Amino acid sequence: MATLSLGNQTIFTQSGSDAPVMDTNVNLSSANIKTSFNSLDTTASQGPTTDLTNTSLPIFACRAWVHFNGGEVTSVNSEDHCTIRASGNISKVVRNATGLFTIYFDTPMPDTNYAISHHIGVFNQGDQDGAVTSARCYTADVNFYKATVNYSAGGSNNFYNYTSISFMFFR
């Protein structure tokens, strides 16, 4: 059994995987709770803040992120799935062609007005990658994001399957 206590006062107890139970001696009247406390405002246009009296900048969260190897794929149902090293809210990354990737969200975005940040490079290769790399939006959808990844070197622009590609999605 797990117990959450403050000093000598038991606040919650939990048995196994059952839902936590609040102790009957805990008084949650409005007189002893900060009256300005409320749930986070997660509306997409305003962004969440810590509470209603917070006058600092709003808190915006990363809604999805992924770090994957664009050069290594496994065929799944006739799709080339990239090896995902780590992710949050991403179900799969599909390599559609050289340098063309579709990133699928586990939970859809609220709309297509999300911001994207990315990193592209060669995984664990020090400073060997001397080309200028970029990623461009091919298609933005609430269920997926498709991007091209390319490099520019010696006056040419080429699509490439880099071994270290990361995307972060904010809304």
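State yes or no: is residue 171 modelled with pLDDT under 95 and surrounded by 12 or more Cβ atoms within 10 Å (Cβ to Cβ)?
For residue 171, the condition - modelled with pLDDT under 95 and surrounded by 12 or more Cβ atoms within 10 Å (Cβ to Cβ) - is met.
Looking at region 133-149, which of its residues are touching a residue at least 40 places away in the same chain (Cβ under 8 Å) and either touching a Pro at 6+ places or on another chain (Cβ under 6 Å) or within 14 Å of residue 166 (Cα to Cα) (or both)?
Hits for region 133-149 are 145, 146, 147, 148, 149.
The rows are residues; the columns are (1) at pLDDT 75 or above; (2) closer than 27 Å to residue 63 by Cα; (3) in contact with a helix residue (DSSP H, G or I) (Cβ under 7 Å, 6 or more places away or on another chain).
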{"position": "117", "(1), (2), (3)": "yes, yes, no"}
{"position": "125", "(1), (2), (3)": "no, no, no"}
{"position": "133", "(1), (2), (3)": "no, yes, no"}
{"position": "148", "(1), (2), (3)": "yes, yes, no"}
{"position": "162", "(1), (2), (3)": "yes, yes, no"}
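The values are calculated or read from the model by the stated rules, or taken from the named source; none is laboratory data. Here the structure is a predicted model, which is why all the values come from computation and not from measurement. As a convention, Cβ positions derive from the backbone with ideal geometry for all residues, glycine included, and neighbour counts pool all protein chains shown.
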